[in-house]
Amino acid sequence: MAYIEYRLEDEIAYLTLSRPEKRNAMSDNMVAELSEHVDRAAAEAKAVVIHGQGDHFCAGLDLSEQEIKDPLQSIMGSRTWHAVFQRIRSGAIPYFAALHGGAIGGGLELAAVAHVRIADATTFFALPEGQRGIFLGGGGSVNITRLMGVPRTMDLMLTGRVLSAEEAERIGVVTYLTEAGGAVAKATELAKKAITNAPLSNYAIINALPRVPETGYDEGLFFESMIAAFTQSTPEAHQRLRDFLEKRAARIAPSS
């Protein structure tokens, strides 16, 4: 049984979480499938749209599997999530998370490693780990806190607070809001724009930009100058700059 559907269209890979009867809760087998599809997309796509089938994006970890795990098994399971999510976050191609319904626990952890998050009007976010007697295990203590900060993350975990799509957009957890059912179309629109960029520029944006703020001020500026020089010295960059200077490149205009 396939828990994740994979489709490649116009150089964009679509990963569909396909366990709607379980609200797309992530089992060990589902994480293994995700790992395979992430590798496949890296080999043949220029961008990825990830979304969920049914009424929800993802309800997080499949808790039915956790009762039978000892501490070492739980650690290894968590590290498996980390490995997959790190390949998404620090790969060569951008990921666009199209969200609807619940993005809960591990579902929010998955959304957090995407590079752009789009939420439709039905989306809500929660971290109920405290209520379940567990803790974040899919990288959320690193990635979610970077999105919304430690105080807000702690609030969700301690109090059971649920964030609406509008609240999430206001604090920067998501970048785009759409009407109900519109997230995948918007994610596709954005992915189509991203794949027109130079691949090396996309790689630098994905991998250098998150690291620079984590360095000291002078180190960050030096890091930036090195990446800028590297990207600007390629034949593709030279051609794109010539196209711009000779007015063959598309003009920048406000979004409609």
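In a residue-by-residue description of segment 4-14, the property of being under 16 Å from Ala112 (Cα atoms) and assigned by the TED database to the domain that holds Lys186 applies to no position.
Among the residues of segment 85-137, those that are in contact with an Asp or Glu (Cβ under 8 Å, 6 or more places away or on another chain) and either on the phi > 0 side of the Ramachandran plot or not assigned by the TED database to the domain that holds Glu167 (or both) comprise Gly101, Gly105. Being among the small types (Gly, Ala, Ser) and without any contact (Cβ under 8 Å) to a residue 12 or more places away in the chain, is that true of even one residue in segment 200-215? Within segment 200-215, none of the residues are among the small types (Gly, Ala, Ser) and without any contact (Cβ under 8 Å) to a residue 12 or more places away in the chain.
If the condition is being closer than 30 Å to Arg211 by Cβ, of a type in the set (Asp, Glu) and more than 28 Å from the chain's Cα centre (by Cα), then segment 232-251 contributes only Asp243.
Looking only at residues in segment 130-166 that are within 14 Å of the chain's Cα centre (by Cα) and of a type in the set (A, V, I, L, M), the one that is surrounded by the most Cβ atoms within 10 Å (Cβ to Cβ) is Ile144.
No other residue among Ala204, Ala185, Ala229 is under 23 Å from the mean Cα position of the chain (by Cα), modelled with pLDDT of 95 or more, over 13 Å from Pro94 (Cβ atoms) and not basic (Lys, Arg) apart from Ala185.
Looking for something part of a strand (DSSP E or B) and within 19 Å of Ala119 (Cβ to Cβ) - is there at least one such residue anywhere in segment 58-75?
Checked segment 58-75: at least one residue is part of a strand (DSSP E or B) and within 19 Å of Ala119 (Cβ to Cβ).
Residue pairs whose Cβ atoms lie under 7 Å apart, sitting 6 or more positions apart in sequence or on different chains, and linking a residue in segment 17-39 that is over 14 Å from Ile50 (Cα atoms) to a partner that is among the polar types (S, T, N, Q), are Pro20/Gln53. Checked against (1) hydrophobic (A, V, I, L, M, F, W, C); (2) in a helix (DSSP H, G or I); (3) in contact with a Ser or Thr (Cβ under 8 Å, 6 or more places away or on another chain), Ala43 passes all but a single condition, namely (3).
The values are calculated or read from the model by the stated rules, or taken from the named source; none is laboratory data. In this text, all values refer to a predicted model and were calculated from it rather than measured experimentally. Note: ideal-geometry Cβ built from the backbone for every residue, glycine included; neighbour counts use all protein chains shown.
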